[in-house]
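Worksheet: the structure to be examined is printed underneath.
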Amino acid sequence: MPASCGEPSPVRWAPVPIGMSPDLEQQTDQGVIFEDVRAAPDSYVGRAVKLGSIVILTKRTSDHTELGALELPMEAAGFPTTDRLRSRGGFLALYKASVDPATVPAGTPITVSGASKGQRPDC
C-alpha cells in the first residue's frame with residue numbers, strides 16, 4: 001500500500017535561515033546561552049543574541065509580530081534541536097513587520113537573532 005493511502009510516511013525538512021544579515025551574524029555574541037539571558041535579562045539589553053526555538057504562538061499587530069517561542073539548544077549545524085525535552089524555557093520574540101500567523105504556525109522551528117530588550121515589565 002502506498003504511504004499516501006494510510007501508512008504514515010516520514011517527513012523530512014531542512015530549516016532554512018532567512019533574513020539574517022551578515023552584519024547581524026558578526027555582531028551576535030556566540031558565547032551567550034539562553035540560561036544566561038534568562039537569569040539576568042537586563043544584563044543583556046542591546047546585545048545581539050541568537051537562540052534556537054520552535055514557535056508556540058504567533059500574534060500579529062498593525063506594525064509588528066510577536067512570536068511566543070520555546071527555546072531549544074542549537075545543534076552543531078546551527079539549527080535548533082528537535083528534542084523539546086531539552087528546552088530551558090520560553091521567550092517572546094518581536095519581529096518588526098506584520099506577518100500572517102498562518103505562515104509561522106505553532107511547531108515551526110526558527111532561529112531568532114537580534115538585540116535583547118531585557119524582560120518585559122508585565123512578565
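The values are calculated or read from the model by the stated rules, or taken from the named source; none is laboratory data. No experiment lies behind these values; they were computed from the predicted model shown. Reconstructed Cβ throughout: ideal geometry from the backbone, glycine too, with neighbour counts over all protein chains shown.
Working only within the stretch 110-122, note down all residues that are surrounded by fewer than 16 Cβ atoms within 10 Å (Cβ to Cβ) and either touching a Leu at 6+ places or on another chain (Cβ under 8 Å) or among the hydroxyl-bearing types (Ser, Thr, Tyr) (or both).
Answer for the stretch 110-122, where residues must be surrounded by fewer than 16 Cβ atoms within 10 Å (Cβ to Cβ) and either touching a Leu at 6+ places or on another chain (Cβ under 8 Å) or among the hydroxyl-bearing types (Ser, Thr, Tyr) (or both): Lys117, Arg120.
Give, as residue ranges, the strands (runs of 3 or more DSSP E) completely inside the stretch 1-113 that count at least 1 residues that are at pLDDT below 90.
Numbers: elements: 48-60, 65-71, 90-95.
Because the criterion is at least 1 residues that are at pLDDT below 90, the strands (runs of 3 or more DSSP E) in the stretch 1-113 that meet it are 48-60, 90-95.
Scan the stretch 100-115 and tell me whether some residue there is farther than 12 Å from Val55 by Cα and over 15 Å from the mean Cα position of the chain (by Cα).
First pass over the stretch 100-115, keeping only residues farther than 12 Å from Val55 by Cα: 100, 113-115.
Adding the requirement that they be over 15 Å from the mean Cα position of the chain (by Cα) leaves 100.
The answer is yes; a qualifying residue exists.
Kindly list the number of the only condition in (1) under 15 Å from Val37 (Cβ atoms); (2) in contact with a Phe, Trp or Tyr (Cβ under 8 Å, 6 or more places away or on another chain) that fails for Pro109.
(1)
Residues of the stretch 74-89 being in contact with a strand residue (DSSP E or B) (Cβ under 6 Å, 6 or more places away or on another chain) and surrounded by 15 or more Cβ atoms within 10 Å (Cβ to Cβ), which ones? Steps first, please.
Within the stretch 74-89, the first condition is being in contact with a strand residue (DSSP E or B) (Cβ under 6 Å, 6 or more places away or on another chain), and the residues that meet it are 74, 80, 87-89.
Within the stretch 74-89, Met74, Pro80, Ser87 meet the criteria.
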